[in-house]
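The values are calculated or read from the model by the stated rules, or taken from the named source; none is laboratory data. This structure is a prediction, so every number in the text was calculated from the model and none was measured. Every residue, glycine as well, gets a Cβ built from its backbone with ideal geometry; the counts of neighbours run over all protein chains shown.
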Amino acid sequence: MSARFDHLPPGHPPGRQSRRAARTRPWGPILLFLFALGALGGSIALWVGRNTAKSKSGSEVGAAVFLGVAILLVLVAIWLWRRLFHARVARYLDVTADPIELRRGDAVHATLRVTDPSRIDGKLQIGLMCTAFHDVKVESYDAQGHRSERRSTERTEVVTDWRDVDPSAGEQRLDFAVPPDSAFSYEGDTVSWAWRVSARVAREHRSDPHRDVPIWVSP
């Protein structure tokens, strides 16, 4: 399965909701980058026209300020892009799940191996997760007060079974039972559920690097 649908194991095509969410444009980073281009243009204009301006030093200071704003906006856009669309993947965590096709009430065997323990700078955990994706209507207003609606996909963790593990213990194997009354894997138009085995490094006040293995839970 492609990176756009990395919540699905092989052999399971994405549903309409997943395909629609994958086409969502990263408007926040795009707008910040456009504002940065505008600030850069202002900086260039002030610098080029500094010799004909009433205050040469004022134009130079203004150019420097606009350049600083442009750089700051680009950095914020990159940070937002990586945070929203490129989650930190902990490639030093080797995670497997067996089987990846099971039914509610069955157990999945998770294996974790840390290839570089020096990268662990928080609490190492492995767990069984189920995420619900549900569409909601979002209202917005333009400068003239005109109202518009758009569809947005939100996610909620409905099953979270995290367990602490020792990063220096070598390869570790844990068993997780899928609750028999839980949701099953489903790819719908407005609602979907996705299961995964996940390993993460839980860190305070920072994003958690993680490594996921999607699984498919049948009714």
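Read through the list (1) assigned by TED's automatic domain parsing to the domain that holds V197; (2) surrounded by 14 or more Cβ atoms within 10 Å (Cβ to Cβ), then give the number of the only condition that T115 fails.
T115 satisfies every listed condition except (2).
Residues that are exposed (fewer than 13 other Cβ atoms within 10 Å of the Cβ), modelled with pLDDT of 90 or more and touching a Ser or Thr at 6+ places or on another chain (Cβ under 6 Å), at least 3 per element: which helices (runs of 4 or more DSSP H) completely within the range 1-112 meet that?
Those helices (runs of 4 or more DSSP H) do not exist here; none qualify.
Among E204, E187, E171, which is the only one that is acidic (D, E) and under 20 Å from R20 (Cβ atoms)?
Answer to the check: E187.
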